[in-house]
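Peer 1: Have a look at the structure that comes next, please.
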């Protein structure tokens, strides 16, 4: 449980008192009380203050802040401060500086500027973490450890080249095996000595950011860099855990950030935390998916919303204000999806450098008489009112959607068939179809226990890792419904093609084989034509427990991007292509497998197809929507705890919305009113309906 030392939804954020004087601190504390702020994250980028030279540590300023904040009843999320090394370190130990993708050695500046494989960086960062634990580990204000900050960025220096070769030795054991999995006989790349291997970057194998001559080496370098940064986290984590074993440890992740395999990272963290920064035009369902992904990193455990802006971001091309009510709405969306904290970057707005126009609870005006502060204070009152009611409540999902970083890397590094294929967007299409139907889904990794679900969806499962096919087969054989899509089952974990026909190891489960893959231009479309107008027709087994007919689908839909040219090997053909030389070939199939079924969607369909298909399939499988009906821009989510069900209704529209509640209704926790039937939700408004019903 995240909040055991402060049993409520934590409310606060990043605070940089070192940038201000004592009179300002007094005002800050006064306004924190007005806003209901009870947690402050400090020391995030203060390494240079904490350690002014190689041999000296100076924590006087932190001592003062611990006592002042604790005296005001504010708990502390203590960062180790290692996200940016001090200037003295870069000067005296230039080997800590990264080399970028183009081969340029960095100078001091910015942040995330340390080579993750520098022994000097690792020694100093681990030592600082240990010193902080020695000094503050027993302080009653310390709630949680925050290791570094927003890990990311790759390095291509000599330290990393040497460490990469060591990582490869451990992974493959021999150059013979490495040459095999990298297919190095192509273009005469056979390696005869480990020292011949260099990092893949703009000076060697890669160009254009994600294009590569050898997918194997580029894929492994991404794995290696993710592991290298994770090792840095683990070194600091272990340093603080050695002295404070009962204090939980986190670091702030970044949603669908492409460079790190967060499922690996989640296993090493006590608590997952992340920073949520959607744009003004980001679909609410995409943000919801990111929250659900963060929840999925530790098997459904609640997470921390570590950062969001109260009003305005500063790094985008167009930094729009959050409109009235949106900060509150998006905060509750995070809680609805599993957050047990609501925290901001930042509590007071900086006066200089690149984040001075990033929003804050206390704006440059320096007082509480602002729209933003009033909204923050109102949300603080609501969180205080709820107390520990929602703490450690879990999601209740019957659908799992697979997201896999290594599969994403492999897909995006692929030398074909189209540059337009975006893995995250394809996963979101399936998520959004369920979201629009108010059907709750978990975002899960390939190692998750599938038996928890009635339906598992694996969009664009291009890379099939060892054991995955058998796991999917066992799930379907036991009665589960499995869906995968075009460009699936193509390669193994080394990005080597599974010969014998696509979809490789998934062929038996799906009952099909794919002969060719057609890449459509952006303006091109094909059609998915249902085999029987208006419904997915059941085959001859429709009366004996097989995939039955169900209505609710149009006779045809558009599709594009990629079209797999597939043949049935026992699967029922539910839809065919309508155009081009492969008109009449299967576009949607289902294969009876044991007690369950496996579906294949052979192209990227328009959203209406996925809404209709998944809605009908879930209805047949007995997977219920959270609400019976709702207005267009209403989002629904559920958390459950101790036999109680908490239904969140979030209206992303400007106008009043509504939802038809399941039978029995409940109590609105924010107003205390009993509600039932069709309930209204104000524009940008929220309702949290508690009932005793758990489906």
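The values are calculated or read from the model by the stated rules, or taken from the named source; none is laboratory data. Here the structure is a predicted model, which is why all the values come from computation and not from measurement. Every residue, glycine as well, gets a Cβ built from its backbone with ideal geometry; the counts of neighbours run over all protein chains shown.
Peer 1: Among the strands (runs of 3 or more DSSP E) confined wholly to the range 438-497, which include 1 or more residues that are closer than 29 Å to residue 627 by Cβ, in contact with a strand residue (DSSP E or B) (Cβ under 7 Å, 6 or more places away or on another chain) and without any contact (Cβ under 8 Å) to a residue 60 or more places away in the chain? Can you show your working first?
Peer 2: On the way: elements: 441-444, 455-458, 481-485.
Qualifying strands (runs of 3 or more DSSP E): 455-458.
For (1) buried (at least 23 other Cβ atoms within 10 Å of the Cβ); (2) at negative phi, each residue gets a yes or a no:
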| position | (1), (2) |
| --- | --- |
| 454 | no, yes |
| 460 | yes, no |
| 465 | no, yes |
| 473 | no, yes |
| 489 | yes, no |
| 502 | yes, yes |
| 512 | yes, yes |
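Peer 1: For residue 603, only one of the following conditions fails: (1) at pLDDT 95 or above; (2) more than 20 Å from residue 336 (Cβ to Cβ); (3) surrounded by fewer than 16 Cβ atoms within 10 Å (Cβ to Cβ). What is its number?
Peer 2: Of (1) at pLDDT 95 or above; (2) more than 20 Å from residue 336 (Cβ to Cβ); (3) surrounded by fewer than 16 Cβ atoms within 10 Å (Cβ to Cβ), only one is false for residue 603: (3).
Peer 1: So which residues in the range 399-424 are touching a strand residue (DSSP E or B) at 6+ places or on another chain (Cβ under 8 Å), within 16 Å of residue 490 (Cα to Cα) and crowded, with 19+ Cβ neighbours inside 10 Å? Steps first, please.
Peer 2: First pass over the range 399-424, keeping only residues touching a strand residue (DSSP E or B) at 6+ places or on another chain (Cβ under 8 Å): 399-404, 406-407, 410-411, 413, 415-418, 420-421.
In the following step, the residues that additionally are within 16 Å of residue 490 (Cα to Cα) were identified as 404, 406-407, 410-411, 413, 415-418, 421.
Passing the criteria: 404, 406, 407, 410, 411, 413, 421.
Peer 1: Just to be sure before I move on: is residue 325 closer than 20 Å to residue 626 by Cβ and surrounded by fewer than 24 Cβ atoms within 10 Å (Cβ to Cβ) in the structure I sent? Outline the logic, then answer.
Peer 2: Details: closer than 20 Å to residue 626 by Cβ: no; surrounded by fewer than 24 Cβ atoms within 10 Å (Cβ to Cβ): yes.
Here the answer is no, as residue 325 does not meet what is asked.
Peer 1: What are the pairs, 6+ residues apart or on separate chains, where a residue within the range 364-389 that is outside the structural domain of residue 39 (by TED's automatic domain parsing) has its Cβ under 6 Å from a residue that is part of a helix (DSSP H, G or I)?
Peer 2: none
Peer 1: With under 19 Å from residue 45 (Cβ atoms), without any contact (Cβ under 8 Å) to a residue 40 or more places away in the chain, under 30 Å from the mean Cα position of the chain (by Cα) and assigned to a loop (DSSP other than H, G, I, E, B) as the only criterion, which of 153, 109 stands out? It would help to see each step written out before you state the result.
Peer 2: Values: 153 fails: without any contact (Cβ under 8 Å) to a residue 40 or more places away in the chain.
Of 153, 109, the one residue that is under 19 Å from residue 45 (Cβ atoms), without any contact (Cβ under 8 Å) to a residue 40 or more places away in the chain, under 30 Å from the mean Cα position of the chain (by Cα) and assigned to a loop (DSSP other than H, G, I, E, B) is 109.
Peer 1: I'd like the full set of residues that are outside any helix (DSSP H, G or I) and more than 27 Å from the chain's Cα centre (by Cα), limited to the range 208-245.
Peer 2: Result: 213, 214, 244, 245.
Peer 1: So if I check each of 453, 430, 423, which one is outside the structural domain of residue 293 (by TED's automatic domain parsing), modelled with pLDDT of 95 or more and over 27 Å from residue 559 (Cα atoms)? If you could, list the steps in order and put the result at the bottom.
Peer 2: Working: 430 fails: over 27 Å from residue 559 (Cα atoms); 423 fails: over 27 Å from residue 559 (Cα atoms).
None of the others qualify; the one that does is 453.
Peer 1: List pairs: first residue in the range 312-336 and touching a residue at least 24 places away in the same chain (Cβ under 8 Å) and outside the structural domain of residue 293 (by TED's automatic domain parsing), second residue part of a helix (DSSP H, G or I) and surrounded by 23 or more Cβ atoms within 10 Å (Cβ to Cβ) anywhere in the structure, Cβ distance under 8 angstrom, at least six positions apart or on different chains.
Peer 2: Going by the 8 Å Cβ cut-off, there are no qualifying pairs.
Peer 1: Hey, another quick one. Among the residues of the range 98-127, what is the count of those that are over 13 Å from residue 148 (Cα atoms) and either in contact with a helix residue (DSSP H, G or I) (Cβ under 6 Å, 6 or more places away or on another chain) or outside the structural domain of residue 51 (by TED's automatic domain parsing) (or both)?
Peer 2: Selection size over the range 98-127: 5.
Peer 1: Also, quick follow-up: Out of the range 251-276, which residues are in a loop (DSSP other than H, G, I, E, B) and crowded, with 17+ Cβ neighbours inside 10 Å? Even if it seems obvious, please write down each step before you answer.
Peer 2: Initially, the range 251-276 is screened for residues in a loop (DSSP other than H, G, I, E, B), giving 251, 254-261, 268-272, 276.
Within the range 251-276, 251, 254, 255, 256, 260, 261, 269, 271, 272, 276 qualify.
Peer 1: State yes or no: is residue 535 modelled with pLDDT of 95 or more and assigned by TED's automatic domain parsing to the domain that holds residue 456? Steps first, please.
Peer 2: Details: modelled with pLDDT of 95 or more: no; assigned by TED's automatic domain parsing to the domain that holds residue 456: yes.
Answer is no for this residue.
Peer 1: Can you tell me which residue in the range 82-93 is nearest to the chain's Cα centre (by Cα), limited to those that are without any contact (Cβ under 8 Å) to a residue 60 or more places away in the chain and surrounded by 14 or more Cβ atoms within 10 Å (Cβ to Cβ)? Let's see the steps before the verdict.
Peer 2: From the range 82-93, those without any contact (Cβ under 8 Å) to a residue 60 or more places away in the chain are 84-93; that's our starting set.
Add one more test, that the residue is surrounded by 14 or more Cβ atoms within 10 Å (Cβ to Cβ), and what stays is 84-86, 88-90, 93.
Numbers: 84: 24, 85: 27, 86: 31, 88: 35, 89: 33, 90: 33, 93: 35 Å.
Of everything passing the filter in the range 82-93, 84 is nearest to the chain's Cα centre (by Cα).
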